[in-house]
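Engineer: Below are the structure tokens for one structure; questions will follow.
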Amino acid sequence: MTNSPTIAAWIEAIRPRTLPVSVAGVVAALALSVSMGSVRWLPAILCVLFALLCQVASNFANEYFDFQAGIDRKGRSGPRRGVTEGDINPRSMLTAVWLTLFFACLTGLWLIYWGGVWLVLVGVFIVLGALAYSAGPYPLSRHGLGEVAVLVFFGIIPVNLTFWLVSGYWTWTIVLFSLAIGLMSANVLLVNNFRDADDDLEVGKRTLANIVGRKVAREIYLWNGIIAFVLSVWGCLEDNIPGLGCVIYILGHLWLWRRLRVRPGVSLSVLNPLLGQTALLMLIYSIFLFF
């Protein structure tokens, strides 16, 4: 196993295609606070940085702990797994997990100025969530709960918390948007698990896609997006928020859903771009909440 992993191997371990997921919730909260007339920019920037670091830490932890559990195989159809393939030393990956979490916590501590000391408890909960996805006595990703975890940690928590930190108040409308963002985020993971269903089944990893089957998973992807659209429109009507992002999202979502199928004999790696496009679509939706 190499002791000198390349920069490319580390970039692959970060999973760049998935990073819009963590940014989208913060951007959506910022857009909503601007629409409602109150915004503080410095905590907004810190929220973006905190969210990115937590997601990267979770991605690193997922790679390390899946390797340790023996549920990663060489030559998987998804992105190359650096630790499993021998590109990155497991000890180096574990170190990267703790360093990234350390910087995430350091960033989060600055938010206490605007949110109060109780944010420490929220931060601890988020860090534990980042680890519990792949580690601990009951790893969420291996028991069909990955999408639920994503709904909570990439939708409900970041949207509500960011809005409160950057605006100084909170409204029930934000819950609608947080649920919408959470469902969009869950779809990103659903594509990932849809692609990896065969590999995961062989190693005993129970994800939603191999519990319900690919056909049902594809329908869940469709309805997650439709429900997210309805929640978004409801939120826009409640507070007179521009709805262009909702229109762009539902059109893009239906187009992507039609592509969530693979002909027999075709490599499942063709779904890799779809994963990134699903993540990018929710970021575009969030940006267009400004207009």
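Engineer: With runs of 4+ DSSP H residues as the only contributors, calculate the mean residue ellipticity of the chain at 222 nm using -39,500 (n - 2.57) per run, divided by the residue total and rounded to the nearest 500.
Structural biologist: Calculated from helices alone, the mean residue ellipticity at 222 nm is -22500 deg cm²/dmol.
Engineer: Here is a follow-up. Give me the accessible area per residue for segment 122-249, probe 1.4 Å, as a whole number in Å².
Structural biologist: 40 Å²
Engineer: Using only the Cα atoms of segment 75-222, what do you get for the radius of gyration and for Dmax, in Å?
Structural biologist: Final numbers for Rg and Dmax: 17.5, 49 Å.
Engineer: Just need log10 I(q)/I(0) for segment 76-123 at q = 0.17, 0.28 Å⁻¹, Debye formula, equal scatterers on the alpha-carbon atoms, no solvent, rounded to two decimals.
Structural biologist: So the normalised log intensities are -0.63, -0.97.
Engineer: Shifting gears a bit: Show 14, 287 ordered by accessible area, largest first, where the area counts protein heavy atoms only and the probe is 1.4 Å.
Structural biologist: Details: 14 50, 287 70 Å².
So, going from the largest accessible area down, we get 287, 14.
Engineer: Moving on to the next point. If I take every Cα pair under 8 Å that is 6 or more residues apart in the chain, average their sequence separation and divide by the length, what percent do I get for the relative contact order?
Structural biologist: Dividing the mean separation by the residue count of the chain yields 25 percent.
Engineer: Rg(Cα) of the chain divided by 2.2 N^0.38 Å?
Structural biologist: Normalised Cα radius of gyration, the chain: 0.98.
Engineer: Identify, among 150, 134, 276, the residue whose Cα sits farthest towards the positive end of the charge dipole of the chain, taking +1 on the Cβ of Lys and Arg and -1 on the Cβ of Asp and Glu, with the dipole about the Cα centre.
Structural biologist: It is 276.
Engineer: Considering only 103, 177, 194, give the residue with the highest GNM mean-square fluctuation for the chain, with springs between Cα atoms whenever their separation is below 10 Å.
Structural biologist: Sorting by GNM fluctuation, first place goes to 103.
Engineer: Add +1 for every Lys or Arg and -1 for every Asp or Glu among the other residues with Cβ under 10 Å from the Cβ of residue 6, and state the total.
Structural biologist: Net local charge, residue 6 excluded: -2.
Engineer: Express the relative contact order of segment 64-189 as a whole percentage, based on alpha carbon pairs under 8 Å and six or more residues apart in sequence.
Structural biologist: Normalised by residue count, the contact order of segment 64-189 is 17 percent.
Engineer: Then there's this: Suppose each label sits 7 Å from its Cα in the direction of the beta carbon; what would the residue 42-residue 102 distance come out to in nanometres?
Structural biologist: 2.6 nm
Engineer: For q values of 0.25, 0.26 Å⁻¹, compute log₁₀ I(q)/I(0) with the Debye formula on a Cα-only model of segment 1-56, without solvent.
Structural biologist: One equal scatterer on each Cα of segment 1-56 leads to -0.95, -0.99.
Engineer: Another question, if that's okay. Distances over 22 Å make up what percent of all Cα-Cα pairs in segment 19-112? Could you put the intermediate results ahead of the total?
Structural biologist: Numbers: 1843 of 4371 pairs.
Value for segment 19-112 (Cα pairs over 22 Å): 42 percent.
Engineer: Mind checking the full-extension length gain between residue 110 and residue 211? Use 0.36 nm per residue of separation minus the Cα-Cα distance, one decimal, nm.
Structural biologist: 32.2 nm
Engineer: OK, next. At 1.4 Å probe size, with the rest of the protein present, what percent of the exposed accessible area of the chain is carbon and sulfur atoms?
Structural biologist: Details: 9090 of 13120 Å².
Using a 1.4 Å probe with all protein chains present, the chain comes out at 69 percent carbon and sulfur.
Engineer: I would also like to ask the following. Provide the net charge surrounding residue 208, with neighbours chosen by a C-beta distance below 14 Å and charges set as Lys +1, Arg +1, Asp -1, Glu -1. Please report the intermediate quantities before stating the final value.
Structural biologist: Details: positive: 142, 195, 205, 206, 214, 215, 218; negative: 147, 196, 200, 219.
Taking every Cβ under 14 Å from that of residue 208, the sum is +3.
The values are calculated or read from the model by the stated rules, or taken from the named source; none is laboratory data. Being a predicted model, the structure only gives us computed values, none of them experimental. Every residue, glycine among them, receives a Cβ derived from its backbone with ideal geometry; neighbour counts consider all protein chains shown. Just so you know, the surface numbers come from the protein's heavy atoms only, side chains and all, with ligands and any DNA or RNA stripped out. Shrake-Rupley method; radii C 1.70, N 1.55, O 1.52, S 1.80 Å.
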